[in-house]
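These notes are about the structure you will find just below.
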Amino acid sequence: MSSQGSTPPPPNGAYTTASSAASNKLLFGTDNAGELLEKYGIPGKVLGEGAGGSVSVVERSDGKLYAVKKFRPKNDRESEADYSKKVTSEFCIGSTLKHQNVIETLDMLKEGLNFLVVMEFAPFDFFTIVMSGLMTKHEIFCCFKQITNGTSYLHSMGLAHRDLKLDNCVVSNQGIIKLIDFGSAVVFKYPYENEIVRAKGVVGSDPYLAPEVLTERYYDPRPVDVWSIAIMFCCMTLRRFPWKAPKQTDNSFKLFSTKPEINPENPNHKSRSKGPYRLLRLLPHASRDLIAAMLQLKPEDRLLIDQVVNNEWFKSIECCQVGQDGELVTKPENHKHHLVTEDELNEIQKKKEQQKKREEERINNERQNQSTTVKVEG
């Protein structure tokens, strides 16, 4: 989907002009792209690919790992200047952010026609961990709090992510979640200004979208992020999306957004078939009020991120934290983090399929035995 909205201007002197950027020059740090490759190593195994480009892992001579994002090539519809601005703006956003729940962006270079960005490496894919089915309730709560804390930091910097989803989170060896991919991020508030800059454009992935992104030309991007975090919590808990897209043509969303029918005999009874309770009843009881407030259909009724982090239940969640050295300083006793690779997930799913097959065979055998017994008795 196209990324539109207010693109933050890069700091003065952050990168060269479009004409000089076309040469083989490093945009930050040094004049020679070869120096950076020598510093970090040659990109190796591809970790993932998306519309914005591909990410590979590199290993430095001392064994330290980094992630290198190679941006997609310029398409025919954009000028060299517009393409360079988009790529360097994403880098400028990432390089200014310093928070344990946001990926650290380190360097950028232009090698031939390719823009490369070097980031810290977090080895685990959050979507894979969620789909493993191993996460406990308190582990989910911890991850929810980490994602919210990272987003709260972005909002404090005047930035909205606009593409929050399981796929845009990676996890460190300590179980620390890092938000990644700022290609859709927008500035909603500039320093020393009070005005909220509204965003425009359908940006993000359908199941995570807030309704107003599809219905309004301009919208406040802050409650959009809050909605997406609530959808992520539902996905962590249910291991499925509540709906495919927040449209009235999607029956699941239509039922969620329909006012529940009142039972005349019991006015306090909540309808289970229509309204928000249709979804909320599937979530842990302690989380329901907060998630309900984060999934208000009207953005003006929805909580802002500061209100989320000040919620009493949210504040009570035990959450993993690291110090400046990257080591855990807060390690809750009520959960551990299941760090699962894609290969391990495939093995888990394979075992589940085998177990399911054995169970089906057992049931079929029992039915056959019962049928044989009935015939003999007859």
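The values are calculated or read from the model by the stated rules, or taken from the named source; none is laboratory data. The structure presented is a predicted model; accordingly, all values stated were derived computationally and were not measured. Quick reminder, even Gly has a Cβ in these numbers, built from the backbone with ideal geometry, and neighbours come from all protein chains shown.
Things worth noting here:
- Of all residues in the range 218-249, none satisfies the criterion of being β-branched (V, I, T), surrounded by fewer than 16 Cβ atoms within 10 Å (Cβ to Cβ) and within 15 Å of the chain's Cα centre (by Cα).
- Any hit, the range 74-88, residues being crowded, with 18+ Cβ neighbours inside 10 Å, touching a Phe, Trp or Tyr at 6+ places or on another chain (Cβ under 7 Å), modelled with pLDDT of 85 or more and of a type in the set (S, T, N, Q): yes
- Exactly one residue among K298, K331, K350 is basic (K, R) and closer than 22 Å to S172 by Cβ, and that residue is K331.
- Condition met for V308 (in contact with a Leu (Cβ under 8 Å, 6 or more places away or on another chain), farther than 30 Å from Y219 by Cβ and either touching a residue at least 24 places away in the same chain (Cβ under 8 Å) or hydrophobic (A, V, I, L, M, F, W, C) (or both)): no
- Residue satisfying all of: in the range 207-217; in a helix (DSSP H, G or I) and either not charged (D, E, K, R) or not assigned by the TED database to the domain that holds M294 (or both); surrounded by the most Cβ atoms within 10 Å (Cβ to Cβ) among these: Y208
- Being buried (at least 16 other Cβ atoms within 10 Å of the Cβ) and out of contact with any helix residue (DSSP H, G or I) (no Cβ under 6 Å at 6 or more places or on another chain) holds for only one residue in V340, V322, V329, and it is V322.
- Of the residues making up the range 175-205, those that are under 19 Å from the mean Cα position of the chain (by Cα), aliphatic (A, V, I, L, M) and outside any strand (DSSP E or B) are I176, I180, A185, V202, V203.
- H161 meets the conditions (1) touching a helix residue (DSSP H, G or I) at 6+ places or on another chain (Cβ under 6 Å); (2) over 28 Å from K39 (Cβ atoms); (3) surrounded by fewer than 24 Cβ atoms within 10 Å (Cβ to Cβ) in every case but one. The failed one is (3).
- All conditions in (1) closer than 24 Å to Q307 by Cα; (2) touching a residue at least 40 places away in the same chain (Cβ under 8 Å); (3) among the polar types (S, T, N, Q) hold for S205, with the sole exception of (1).
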